[in-house]
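The values are calculated or read from the model by the stated rules, or taken from the named source; none is laboratory data. Since the model is a prediction, treat every value here as computed from it, not as a measurement. Every residue, glycine as well, gets a Cβ built from its backbone with ideal geometry; the counts of neighbours run over all protein chains shown. Ligands, DNA and RNA are stripped out before the accessible areas are found, and what is left, the full protein with its side chains, is counted by its heavy atoms. Shrake-Rupley method; radii C 1.70, N 1.55, O 1.52, S 1.80 Å.
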Amino acid sequence: MTLAIDRICEISDRICQAAGGQLNERASAILEEITGGRYNRIVIDDTAEIRIHTPSRVLGLNQLSGGTMQQIYFSLRMAAGELLGEDITLPVILDETFAMYDDRRLEAALRWLKNSGRQVILFTCQNREREILKRL
């Protein structure tokens, strides 16, 4: 029984490491795109600590603005959805996801969603999403 448990734990760790690398890579690409290259890499380590790389330094979440943290979480959610969907492009359902975004960040995220090839269902009580999407 102990041998089986040990083996399952080893396999689980390998899967997490492999998927974690893919998650970091894809989330980093999304973040770089929606921030215009200002932040170009997300690294989630074994302790689930998140570090953000800029072209010139590495930052912890406590060093970032609330808006930037929202962009990081958006990037991670979109990347996780892509990984879970594997070869299937899953639709995205968002409910007030962008309530705390400023207009610049909102436009970048909506542009990414528009170009993602996904069906997007967006719930919001704001008109600004509609106005930005009309422009895009």
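Given (1) 1.14; (2) 0.95; (3) 1.04 as candidate values of Rg/Rh (Cα atoms, Kirkwood Rh), which corresponds to the one derived from the coordinates? Recomputing Rg/Rh (Cα atoms, Kirkwood Rh) here gives the entry labelled (3). Taking each residue as 0.36 nm, the span from ARG77 to ASN115 lengthens on full extension beyond its C-alpha to C-alpha distance by 12.0 nm. Quick one: if the Förster radius is 25 Å, what FRET efficiency do THR124 and LEU64 give, using the C-beta to C-beta distance and rounding to 0.05? Efficiency computed from Cβ-Cβ geometry: 0.55.
Quick one: accessible area per residue over the stretch 34-75, 1.4 Å probe, rounded to a whole number of Å²?
Working: 2270 Å² over 42 residues.
With the other protein chains kept in place, the stretch 34-75 gives 54 Å² per residue.
Close amide H partners of VAL92, meaning residues 5 or more places away or on another chain with modelled amide H under 5 Å apart, are GLN119, VAL120, ILE121.
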